[in-house]
Amino acid sequence: MLPYTPVVRAGPWLIVSGQVGARDGTIVPGGIRPQTEQALANLAALLAGKGASLADVAKTTVFMTDIANFGDINEVYASAFGDHLPARSAVAVAALPLGASVEVEAWAYCPGPEPG
């Protein structure tokens, strides 16, 4: 077990740890676009488990190992979020877990009670 929790409630906020483009513990093949799609799908699944969605996200941070990938990441990100535009920071880093090329963390405002 890793020494962190993937999603934590802090009052009306859900704080989601950085999600990489991994499925079943392995980075998805095909490059930056599939990795970004999977990272956002992982983020959405964690939010859904707490009764929230990407529409509740107020802030994201996107980490990438190559700033040249920002355009592709941005296109996938825009497709996932649609007209909802959370505040965002984008940062180039030297390396990410599992050899990922992109990681996305988020804060979502979700004042309702936690499900179940």
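Here, each number is a calculation from the coordinates, and none is a lab measurement. Please read all numbers here as calculations on a predicted model, not as lab measurements. No Cβ is skipped: glycine too gets one built from the backbone with ideal geometry, and neighbour counts run over all protein chains shown.
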Ordering of 20-30, 43-53, 80-90, 100-110 by burial proxy (mean other Cβ atoms within 10 Å per residue, highest first)
100-110, 43-53, 20-30, 80-90
Which percent, nearest 5, of DSSP beta bridges in region 49-104 are antiparallel?
35
With everything on Cα atoms, drop me the angle between helix 70-81 and the longest principal axis of the chain, reported from 0 to 90° to the nearest 10.
30
Given points 7 Å out from each Cα along the Cα-Cβ axis, report the S89 to A41 separation in nanometres with one decimal.
2.9
Quick one: angle between helix 32-48 and the longest Cα principal axis of the chain, in degrees between 0 and 90, rounded to 10, please.
10
Percent antiparallel among DSSP beta bridges with both residues in the chain, to the nearest 5?
75
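Once you wrap a convex hull around the alpha carbon atoms of the chain, what is its projected area averaged over all directions, in nm²?
Spelled out: convex hull of the Cα atoms, projected over all directions, averaged, 7.4 nm².
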Would you mind computing, in nm to one decimal, how far apart the modelled labels at T61 and L98 are, each placed 7 Å from Cα along Cα→Cβ?
2.0
Using helices alone, I'd like the mean residue ellipticity at 222 nm for the chain: each DSSP H run of four-plus residues gives -39500 (n - 2.57), total over residue count, nearest 500.
-8000 deg cm²/dmol
